[in-house]
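Student: Sharing a structure below in structure tokens format, with a few things to ask.
None of the figures in this text is laboratory data; all of them are computed from the coordinates on show. All of these numbers come straight from a predicted model, not from anything done at the bench. In this analysis, Cβ positions are derived from the backbone assuming ideal geometry, glycine residues included, and neighbour counts consider all displayed protein chains.
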Amino acid sequence: MVSRRFFIEHYRSVLAFLAVWFAYGLMTEADDLHTYSLYQGVAESIVERHTFAIGNSRAPDLREFGDVFNARDMWLPAKQPGSFVMASVPYAIFHLFGYNYSDDYRLVSAMTTWWTCGFLAALSVVLLFHFLLTMGYARKVAATCAFAYGFASTIFPYTGVPHHDVIATTFVLLAFMLMFLSSPMSSNRRVAFIGFLLGFTIFTSMLPALLVAALCLFSLYHLKFRKTVVVGFGFLLGYLPLACYNAHYFGSPFRQANQAGNYNDTFFKPSLDLFWTQLNLYFGFNSYITAMKCMPIFVLGLAGLFFLKPKLRRMQAIILVLVAIHLFYLFSIEAEGHCQYGPRYLIPLIPFAMIGVSAWFESAAQKLVMFAALIWSFGVNLVGASGSSMYCANLIEFPLWVYWRDRAHWLGVHRPLEPVILLGTIAAIIYWISARRTLRTGARDHPRSRY
């Protein structure tokens, strides 16, 4: 259990987390809460009716959904169940205190979103910063990479919704960082937790499935066979909830929702024509979701991965493998994501690519290019976070220009968490003053020896 002393001694990290988390909460807006009602609807069904099947809701906002299909006379989500389970946890607490979707949909859905996707995304930003410090990078380099990940990428617009890909990316990133901070001498509990995170990633989203497979195989080399068995045990524990869900609703522990619903655009169909089409979609200059426009800092990060520090060769190799296999998967499926602000299928790669941003600090010219890309990427995704991540208006025109023309609407949109963020900011200031005072008092009572 985390002690009071931890919060006092690490108050800077706690405040950094709160700053990121509050920023994500402030960007949570009403339009997205209504558009992404599927997550809230399943969370309500889990808490109030003890089923993943949706329907019969008392809330007017939870009666029409997309991405659902009929199975065994039930309407089920065509998504992995993990994000719904996570959303149900805070909703169960709110429901216990008398708050529900039918009485105040906006506030309850905003709080549910903030305590799931927003919380985990903010935590991963701060942990990535500390991971890079541990890897030997200077604080300004680590801070730049973490900022690029959390605010200058497609992650930012999707932290205002309980999005399964953002949540799954947090889990796979945590597993990756823990694996590199572990060794064959690490405790079985720690190694098993790595496996659990990888299994739980699949429970949440199938998009990073190949990343999970690659990290499981990498554990054979990095942690040796005996510890890999423990990783496998942890993976089975993390996968167990999904196996039970699939067996109950689809008749097999290995039959996934997209298979049961026959969403075949996510099935593997490699061809040369599809490869070039998808390559242009994600990295061409004419695409409305290309990384070249939406987050050029991501592209620079990918390039920088080839020039990481020599002592990080092992980490460099596995990241490049993760990038290669994920891009190969994206270039081999017909699905594009549709109705999106930025290339959301690239989300699982974003934290790994941003580690490559560290290679752009070698000269003044490199820093200039990097910071120009960083500022542009931040501006584009700030607009997306201020507006809606469900961009469907014009799938040809770059969404930044569309949102900029309609900025009067987005600046005036209702943001339910503004009062909560204000109270949280006041509490954070009080915490900051108290922590500093406690540390100063301790320093006076126990001065360091000069010898």
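Student: What are the ³J(HN,Hα) couplings of region 23-30, residue after residue, when phi is run through the Karplus curve with 6.51, -1.76, 1.60 and θ = phi - 60°? Round to Hz, x for glycine and proline.
Tutor: Once rounded to whole Hz, the list reads 4, 5, x, 5, 7, 6, 10, 5.
Student: So which cysteines in the chain don't have a second cysteine's C-beta under 4.7 Å from them?
Tutor: Lacking a cysteine Cβ partner under 4.7 Å: 117, 145, 216, 244, 294.
Student: Given region 178-232 reduced to its alpha-carbon atoms as identical point scatterers, what log10 I(q)/I(0) does the Debye formula return at q = 0.24, 0.27 Å⁻¹?
Tutor: For region 178-232, the Cα-only Debye profile gives -0.87, -1.05.
Student: Moving on. Going down the table (227/269; 224/309; 224/367; 79/224; 79/311), which pairs top 28 Å between alpha carbons?
Tutor: 227/269; 224/367; 79/224; 79/311
Student: Would you mind computing, in nm to one decimal, how far apart the modelled labels at residue 338 and residue 382 are, each placed 7 Å from Cα along Cα→Cβ?
Tutor: So the two model labels end up 3.3 nm from each other.
Student: If you plug each phi of region 304-318 into the Karplus form 6.51 cos²θ - 1.76 cosθ + 1.60 with θ = phi - 60°, what whole-Hz ³J(HN,Hα) values come out, in order, with x for Gly and Pro?
Tutor: x, 4, 6, 10, 5, 4, x, 6, 9, 4, 5, 5, 4, 4, 5
Student: Okay, moving on. Go through region 126-131 residue by residue and turn each phi into a ³J(HN,Hα) via Karplus (6.51, -1.76, 1.60, θ = phi - 60°); whole Hz please, and just put x for glycine and proline.
Tutor: Per-residue couplings from phi come out as 5, 5, 5, 4, 5, 4 Hz.
Student: Among 375, 307, 288, which residue has its Cα furthest toward the positive end of the charge dipole of region 270-381, with +1 on Lys/Arg Cβ and -1 on Asp/Glu Cβ?
Tutor: Looking along the dipole axis, the top candidate is 307.
Student: Next question. For a protection proxy built on the mean count of beta-carbon atoms within 10 angstrom, sort 35-48, 423-436 highest first, please.
Tutor: Most protected by this proxy first, the peptides run 35-48, 423-436.
Student: So, one more: Add +1 for every Lys or Arg and -1 for every Asp or Glu among the other residues with Cβ under 9 Å from the Cβ of residue 390, and state the total.
Tutor: -2
Student: Sort out for me the Cα centre separation of region 367-403 from region 119-162, rounded to whole Å.
Tutor: 18
Student: Next up: If you count, for each residue, the other Cβ atoms within 10 Å and average over each peptide, how do 176-182, 135-141 line up from highest to lowest?
Tutor: The packing order, highest mean first, is 176-182, 135-141.
Student: Could you compute the FRET efficiency for residue 13 and residue 187, with r as their C-beta to C-beta distance and R0 at 30 Å, rounded to 0.05?
Tutor: 0.80
Student: Any idea how far the Cα center of region 1-67 sits from the one of region 190-222, in Å?
Tutor: Taking the Cα centre of region 190-222 as reference, the centre of region 1-67 is 24 Å away.
Student: Charges on Cβ only, +1 for Lys and Arg, -1 for Asp and Glu, centred on the Cα centroid of the chain; of 119, 76, 432, which one is farthest towards the dipole's positive end?
Tutor: Ranked along the dipole, the leading option is 432.
Student: Would you mind checking which residues have amide H under 5 Å from residue 71's amide H? H placed 1.01 Å from N; only 5 or more apart, or other chain.
Tutor: 76
Student: Using packing as a proxy for protection, rank 218-225, 113-120 so that the peptide with the highest average count of other Cβ atoms within 10 Å comes first.
Tutor: 113-120, 218-225
Student: For residue 340, enumerate residues with amide H under 5 Å from its amide H, sequence gap 5+ or separate chain, H modeled in the peptide plane.
Tutor: Placed amide hydrogens put 391 under 5 Å from residue 340.
Student: Could you give the length gained on full extension between residue 434 and residue 56, defined as 0.36 nm per residue of separation minus the Cα-Cα distance, in nm?
Tutor: Gain on extension, residue 434 to residue 56, equals 131.2 nm.
Student: Taking the Cα centre of region 33-92 as the origin, how large is its charge dipole in debye, to the nearest 20, when only Lys and Arg (+1) and Asp and Glu (-1) carry charge on their Cβ atoms?
Tutor: Once rounded to the nearest 20, the dipole reads 100 debye.
Student: Once you have a ≥ b ≥ c as the square roots of the Cα gyration tensor eigenvalues for the chain, tell me rounded if a/c is under 1.5, and otherwise prolate or oblate according to whether a/b is larger than b/c.
Tutor: rounded
Student: Related question: Between residue 247 and residue 363, what length comes free when the chain is fully extended (0.36 nm per residue of separation minus the Cα-Cα distance, one decimal in nm)?
Tutor: 36.2 nm
Student: Next question. What's the magnitude of the charge dipole for region 118-228 around its Cα centre, counting Lys and Arg as +1 and Asp and Glu as -1 at the beta-carbon? Answer in Debye, nearest 20.
Tutor: It comes to approximately 440 debye.
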